[in-house]
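Enquirer: The structure is given below, and queries will be raised subsequently.
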Amino acid sequence: MSDKDVTLDFMTEKELLEIRERCDKATKGPWVSYVESREYGYGSNFIMTDGEDIE
């Protein structure tokens, strides 16, 4: 693929505003991820936040 084949699609102001709104509504950090390894068939992966978590 050459540079001529690449098309850049820029985000609109509306899309950027929607992302900002989702970020502002998100639980504040710190966030900690807990990931089970592939060798185990039980348990769960989750991200623990500073708020109330539902697993």
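Enquirer: Which of the residues belonging to segment 39-55 are modelled with pLDDT of 70 or more, in contact with a strand residue (DSSP E or B) (Cβ under 7 Å, 6 or more places away or on another chain) and part of a loop (DSSP other than H, G, I, E, B)?
Expert: Selection gives N45 alone.
Enquirer: Separate question: Find the residue count for segment 1-35, including only residues that are surrounded by 10 or more Cβ atoms within 10 Å (Cβ to Cβ) and closer than 23 Å to M48 by Cβ.
Expert: Counting residues in segment 1-35 that are surrounded by 10 or more Cβ atoms within 10 Å (Cβ to Cβ) and closer than 23 Å to M48 by Cβ gives 6.
The values are calculated or read from the model by the stated rules, or taken from the named source; none is laboratory data. The structure displayed is predicted, hence computed values, not measured ones. As a convention, Cβ positions derive from the backbone with ideal geometry for all residues, glycine included, and neighbour counts pool all protein chains shown.
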